[in-house]
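**Student:** One structure, as structure tokens, below. Some questions next.
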Amino acid sequence: MSDKNYSFFGAVERSFDKAARFTKWDSGLLNHIRQCNAVLQLRFPIKRDNGEIEVIEAYRVQHSHHKTPCKGGIRFAAEVNQDEVMALAALMTYKCTIVNVPFGGGKGGIKIDPKKYSVGELERITRRYTSELIKKNFIGPGIDVPAPDYGTGEREMSWVLDTYVSMRSGELDAAGCVTGKPITQGGVRGRREATGLGVFYGTREVCNIPDIMSKLSLPLGIENKRVIVQGLGNVGYWAAHFFQLAGAKVIALAEYEGAIFDEKGLDVEAVFQHRKKSGSILNFPGAKHIKHANEALELECDILIPAALENVINEENAPRIKAKIIGEGANGPLTPEADDYFAKKGTIVIPDMYLNAGGVTVSYFEWLKNLSHVRYGRMEKRFTENVHSSILNQIEELTGKKSNAHARELIMRGPDEVDFVYSGLEETMINATHEIMTVWKENPAIPDMRTAAYVVAINKVAIIYAELGIFP
Ligand code: GLU
């Protein structure tokens, strides 16, 4: 989290300026893109379970209206502040642009530690926050669409939806006012694991680029790569899960209570269940303890995935980090100083605004589903299966050979919703990787992948204004 002397928004601006030098745009236009278009500061009262009234501090920031609706999560954390929400909203603009999701960036934050509130209190806070957003016209399927972020999930999103629906009765597309909802309330299959899956797809794609891997003296591909994940929340857990599934070795996992290490590779699901049961990641059978969680970041490994909060890798600890690839699962885990250090050292930093864009990409799929009022696959599944069956029958007739039952099942299968979501996300992440890498290759003066990603993002936003004739 941002401390008092550290401006997260300032860090985003600094990265933006670093990249803007590699674009051709007028400084006035660049300045317009950089700023937050609207900042909503809220203070509202809620009644605690003990009868006391507490005043809650909350925010919603819309960074860019170059496309609408605005899009971005709502964070519940004790350290939430305006600077942080502004930075996260700006990152959302660049994130959406890079993965071709047609939204402007937004973000919300409520300054509470959710662990210190009962479920009933959290519900009252979420509902009151939503009605404040409605009053100010800061939420709606075509205006601004929140989603989960740190400290929130499907439960909070269903409260947002229910509050919205009850105040906007009869609005046909109301379900599109928020994403990350439970499936029963218009959510899409695959959204829960989307950010972690995107982190995996993006990192895997970088590991498939021969030039990059030979510069790092690493073999191509993800198999057997040693991975460390910091944070076993929604992003970290799913990223670790997909790395393990693809044959990588998750050698260390870190949480705020400590970290565990096993060079043979940890079983991510077993660790997750152990933590759920015992309340701690520590004392996992067969694993070594690392006393201070942050020391886990400094272990020898190929890939490090910081997937918790911002500012965890900074000027102070960067020189001790040994990973060859750092994939930013969280938003803003590296400070600009750490970035400069790794660019000089030759470590590949895969930036947040691209690598963790899986969440918003699948949110986009959910929003489209809500507007179309139909589950993905409903119209074509049976038709596809019938076509596949006819083709297979023809081949069998022509060759005189029968395929076995397993092969038949595989070939015949028409796509379900989750198949569309996974393949749509995979395609998105692969395309975005190559778009960024092409810009980087074409301009070798660009120091790192983050700067290349910003160049891609700035160009895509700027061209919209330029074509509108608003700016030269
Ligand atoms: N909170 C997530 C992010 O930072 C998801 C945002 C969304 O789905 O709108 O990318």
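**Student:** Using the heavy atoms of the protein chains and a 1.4 angstrom probe, tell me the accessible area per residue for region 106-167 in square angstrom.
**Tutor:** Values: 2310 Å² over 62 residues.
Dividing the accessible area of region 106-167 by its residue count gives 37 Å².
**Student:** Round to a whole number: what % of the accessible area of region 354-428 belongs to carbon and sulfur, probe 1.4 Å? Mind showing how you got there, number by number?
**Tutor:** Numbers: 2620 of 4480 Å².
Heavy-atom surface of region 354-428 belonging to carbon and sulfur, 1.4 Å probe: 59 percent.
**Student:** For the chain, what percent of Cα pairs sit more than 42 Å apart? The partial results should precede the final answer.
**Tutor:** Details: 19217 of 111156 pairs.
Taking all Cα-Cα pairs of the chain, the fraction more than 42 Å apart is 17 percent.
**Student:** While we're on this one: Net charge around I395, counting only other residues with Cβ within less than 14 Å of its Cβ (Lys, Arg = +1; Asp, Glu = -1)? Kindly include the intermediate steps, with their values, before the conclusion.
**Tutor:** Details: positive: K401, K402, R408; negative: E396, E397.
Summing Lys and Arg as +1 and Asp and Glu as -1 gives +1.
**Student:** Let me ask you something else. Within the chain, what is the longest stretch that has no GluC sites (Glu not before Pro) placed in a DSSP loop and near at most 15 other beta-carbon atoms within 10 Å?
**Tutor:** 381-472
**Student:** In percent, how large is the relative contact order of region 148-300, given Cα pairs closer than 8 Å and 6 or more residues apart?
**Tutor:** 15 percent
**Student:** Projecting each Cα onto the charge dipole of the chain (Lys/Arg +1, Asp/Glu -1 at the beta carbon, about the Cα centre), which of A248, F103, P182 comes out farthest on the positive side?
**Tutor:** P182
**Student:** Which percent of the Cα-Cα distances in region 26-107 go past 18 Å?
**Tutor:** Numbers: 1581 of 3321 pairs.
Everything past 18 Å amounts to 48 percent.
**Student:** So, counting K/R as plus one and D/E as minus one, what does the shell of residues with Cβ under 12 Å around A174 add up to? Write out the running numbers ahead of the final one.
**Tutor:** Details: positive: R168, K181; negative: D162, E171, D173.
Cβ neighbours under 12 Å give a net charge of -1.
**Student:** In addition: Starting from the Cα of K47, draw a straight line to each of the lysines and keep only those under 30 Å, dropping any in the same chain fewer than 8 residues away.
**Tutor:** Reachable lysines: K4, K71, K107, K111, K115, K116, K135, K136, K181.
**Student:** Could I ask something else about it? Can you pull the three principal axis extents for the Cα set of region 212-300, in Å, largest first?
**Tutor:** Sorted largest first, the three principal extents are 42, 24, 23 Å.
**Student:** Related question: What percentages make up the Cα-Cα pair-distance distribution of region 87-186 when the bins are 5 Å wide from 0?
**Tutor:** With a bin width of 5 Å, the distribution comes to 2, 12, 23, 24, 20, 12, 5, 1.
**Student:** Let me ask something else. Once neighbouring chains are kept in place and the probe is 1.4 Å, which whole percent of the accessible area of region 88-129 is contributed by carbon and sulfur?
**Tutor:** Numbers: 630 of 1180 Å².
The nonpolar share, carbon plus sulfur, comes to 53 percent.
**Student:** How big is the dipole moment of region 44-133 about its Cα centre under a simple scheme where the beta carbon of each Lys and Arg is +1, that of each Asp and Glu is -1, and everything else is neutral? Debye, nearest 20, please. Mind showing how you got there, number by number?
**Tutor:** Working: 14 positive and 11 negative charges, 76 e Å.
For this selection, approximately 360 debye.
**Student:** I want the local charge near Y354. Using Cβ-Cβ distances under 11 Å, sum +1 for each Lys or Arg and -1 for each Asp or Glu among the other residues.
**Tutor:** Numbers: positive: K95, R450; negative: E205, E328, D352, E435.
My count for the surroundings of Y354 gives -2.
**Student:** Let me ask you something else. Nearest 500 deg cm²/dmol is fine: what mean residue ellipticity at 222 nm does the chain get from its DSSP H runs of n ≥ 4 alone, each adding -39,500 (n - 2.57), divided by its residue count?
**Tutor:** Details: 16 runs with 214 residues, N = 472.
After summing the helix terms and dividing by the residues of the chain, the value is -14500 deg cm²/dmol.
**Student:** Still on this structure, I have one more. How many angstrom lie between the C-alpha centres of region 434-472 and region 191-250?
**Tutor:** Here the answer is 25 Å between Cα centres.
**Student:** Might you report the magnitude of the Cβ-based charge dipole of the chain about its Cα centre, with Lys and Arg at +1 and Asp and Glu at -1, to the nearest 20 debye? Mind dumping the intermediate values first?
**Tutor:** Working: 57 positive and 59 negative charges, 101 e Å.
Using Cβ point charges on Lys, Arg, Asp and Glu, the chain gives about 480 debye.
**Student:** Under 15 Å from the Cα of K460, which aspartates and glutamates turn up, not counting those fewer than eight places away in the same chain?
**Tutor:** By straight Cα distance, K460 reaches D26, E435.
The values are calculated or read from the model by the stated rules, or taken from the named source; none is laboratory data. Given the structure is predicted, the values throughout are model-derived calculations rather than measurements. So basically every Cβ, Gly included, is an ideal-geometry build from the backbone, and we count neighbours across all protein chains shown. We work out accessible area using only protein heavy atoms, side chains counted, and drop any ligands, DNA or RNA first. Shrake-Rupley method; radii C 1.70, N 1.55, O 1.52, S 1.80 Å.
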